[in-house]
1. Quick one: would you say residue 91 is modelled with pLDDT of 90 or more, among the hydroxyl-bearing types (Ser, Thr, Tyr) and either over 12 Å from the mean Cα position of the chain (by Cα) or surrounded by 14 or more Cβ atoms within 10 Å (Cβ to Cβ) (or both)?
2. Please work out if residue 49 is over 20 Å from the mean Cα position of the chain (by Cα) and in a helix (DSSP H, G or I).
3. Just give me the residues in segment 21-60 being closer than 25 Å to residue 77 by Cβ, in contact with a helix residue (DSSP H, G or I) (Cβ under 9 Å, 6 or more places away or on another chain) and loosely packed, with under 14 Cβ neighbours inside 10 Å, in sequence order.
4. Is it true that some residue in segment 61-71 is surrounded by 13 or more Cβ atoms within 10 Å (Cβ to Cβ), within 21 Å of residue 26 (Cβ to Cβ) and at pLDDT 90 or above?
5. Residue pairs, Cβ under 9 Å, 6 or more apart or interchain, first in segment 55-79 and at negative phi, second modelled with pLDDT under 95 and assigned to a loop (DSSP other than H, G, I, E, B). List them.
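The values are calculated or read from the model by the stated rules, or taken from the named source; none is laboratory data. Bear in mind that the values here come from a model prediction, so they are computed numbers and not experimental data. Note: ideal-geometry Cβ built from the backbone for every residue, glycine included; neighbour counts use all protein chains shown.
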Amino acid sequence: MKSTFKTALFASVAGLGLSLAACDGSAENAAEDTGEQMAEDVNEQADAMEDAGQITDEQADAMTDTAEDQADAMEEAGEAADDTAAPADDTAGM
C-alpha cells in the first residue's frame, strides 16, 4: 500500500511539474491561435486554388509552408512578449 501511494504521489507531482513547465502565457496562446487559424485559412484557400487548376500542388504546398512559418513566428513573438512581461523567477529550472 505504501508503495502504491508513493508511486501515485510521485506521478502526481511529476505530472504537475510537466504541466507547469508546458504552460504558455496569454500573449503566446493568442498569437498561436491566430497563427494557426491563419495557416488553416491559407491551406484551405491553396487547396481550393489547386482544385480549380489555378496553381500546382507544389505552389499550394509552398503557400501552406509559408503560412505555417508565419504562424510559428507569431507564436515565438508572443512567447517573447510573455517572457518580457513576466517577472524574473529565480526558481525556474529547479
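1. For residue 91, the condition - modelled with pLDDT of 90 or more, among the hydroxyl-bearing types (Ser, Thr, Tyr) and either over 12 Å from the mean Cα position of the chain (by Cα) or surrounded by 14 or more Cβ atoms within 10 Å (Cβ to Cβ) (or both) - is not met.
2. Against the criterion (over 20 Å from the mean Cα position of the chain (by Cα) and in a helix (DSSP H, G or I)), residue 49 qualifies.
3. 26, 37, 41
4. Yes.
5. Close Cβ pairs (under 9 Å, with a partner that is modelled with pLDDT under 95 and assigned to a loop (DSSP other than H, G, I, E, B)) amount to 75/24; 78/24; 78/25; 79/24; 79/25.
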